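Structure first, then comments.
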Amino acid sequence: MESLKQKICSEGTVLSEQVLKVDAFLNHQIDPQLMQQIGHEFAERFKNQGITKIVTIEASGIAPAVMAGLELGVPVIFARKYQSLTLTDNLYISKVFSFTKQTESTLAISSKHLNADDHVLLVDDFLANGHAAKALIDLVGQAGASIAGIGVVIEKSFQSGRAALDAEGYRIESLARIQSLAGGKVTFLE
Ligand code: G4P
Ligand code: NA
Ligand code: NA
């Protein structure tokens, strides 16, 4: 997606060979017009698939997910993050370890909102090592729902998530694929 790649080049900051900072339009300040284009692009790529729900994770997945939900005409569920959680029987729960933040959190979705009739599009802001995506897949599986695919705003193709999810047969649509952040420079995969 050309406008996204341009935005990454003009407003993104390479923090290290592993981390791209995009606080100017995605992770802190949000560019609504770009988010709308992102939602439109996800909807184009996943239309006519019988998607009934979009599932993402708070916080940064919500903006692109809502825009995609608006375009596809389906509700958006964000898995909630808890530092600790007492057992409750009406929640689907999965643990996720963040390498970026070096913290473990528990993701939860109420069973009220997701069931075996649902066909789900997963959306997230970043795909790095794929731990967040795998936790979402686990939650959707607990509901007995099926997965249409995974929509990612920014994929860091040099990390392990993309290959691992490809190997499991998931359809992944990433709107910007980054091959490398070496030398303080963003190189896209074409
Ligand atoms: P993984 O889920 O793919 O394995 O990735 P990882 O554990 O590294 O990701 C943890 C958090 O860091 C996620 O946000 C993810 O979106 C974000 N992240 C990963 N790589 C980058 C990067 O290069 N740049 C930026 N800006 N973020 C990255 P989160 O914990 O869900 O936080 P939030 O943004 O939703 O608050
Ligand atoms: Na994030
Ligand atoms: Na995220």
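Things to note:
- Between the amide H of Phe78 and those of Thr56, distances stay under 5 Å, these residues lying 5 or more places away or on another chain, with hydrogens modeled in the peptide plane.
- Solvent exposure of segment 44-113 as accessible area per residue, Å², 1.4 Å probe: 59
- Of all accessible heavy-atom area on the chain, the percent that carbon and sulfur account for (1.4 Å): 49
- Inter-probe distance in nm under a simple model that places probes 7 Å from Cα toward Cβ, at Ala24 and Gln102: 2.9
- With an a/c value of 1.5 or above and a/b not larger than b/c for the gyration tensor axes a ≥ b ≥ c computed over the alpha-carbon atoms, segment 5-110 is described as oblate.
- Backbone amide hydrogens, once placed in the peptide plane, bring Gly149 within less than 5 Å of Leu122, excluding anything fewer than 5 places away on its chain.
- For segment 145-190 and segment 4-28, distance of Cα centres in Å: 15
- Sum of -39500 (n - 2.57) over DSSP H runs of 4+, divided by residues of the chain (222 nm, nearest 500): -9000 deg cm²/dmol
- Dipole size of segment 2-188 about its Cα centre, with +1 on Lys/Arg Cβ and -1 on Asp/Glu Cβ: approximately 220 debye, rounded to the nearest 20.
- Rounded accessible area of Met35 (nearest 10 Å², 1.4 Å probe): 0
- Backbone N under 20 Å from the Arg80 label point (7 Å along Cα→Cβ), restricted to segment 113-127: 113-115, 123
- Over the chain, Cα pairs under 8 Å with separation of 6+ residues give a relative contact order of 20 percent.
- Here r is the Cβ-Cβ distance between Gln49 and His113 and R0 is 25 Å; the resulting FRET efficiency, rounded to 0.05, is 0.80.
- Kirkwood analysis of the Cα pair distances in segment 2-188 returns a hydrodynamic radius of 16.7 Å.
The values are calculated or read from the model by the stated rules, or taken from the named source; none is laboratory data. A quick note: this is a predicted structure, and the numbers were derived from the prediction, not measured. No Cβ is skipped: glycine too gets one built from the backbone with ideal geometry, and neighbour counts run over all protein chains shown. What goes into the accessible areas is simple: the full protein's heavy atoms, side chains included, and nothing from ligands, DNA or RNA. Shrake-Rupley method; radii C 1.70, N 1.55, O 1.52, S 1.80 Å.
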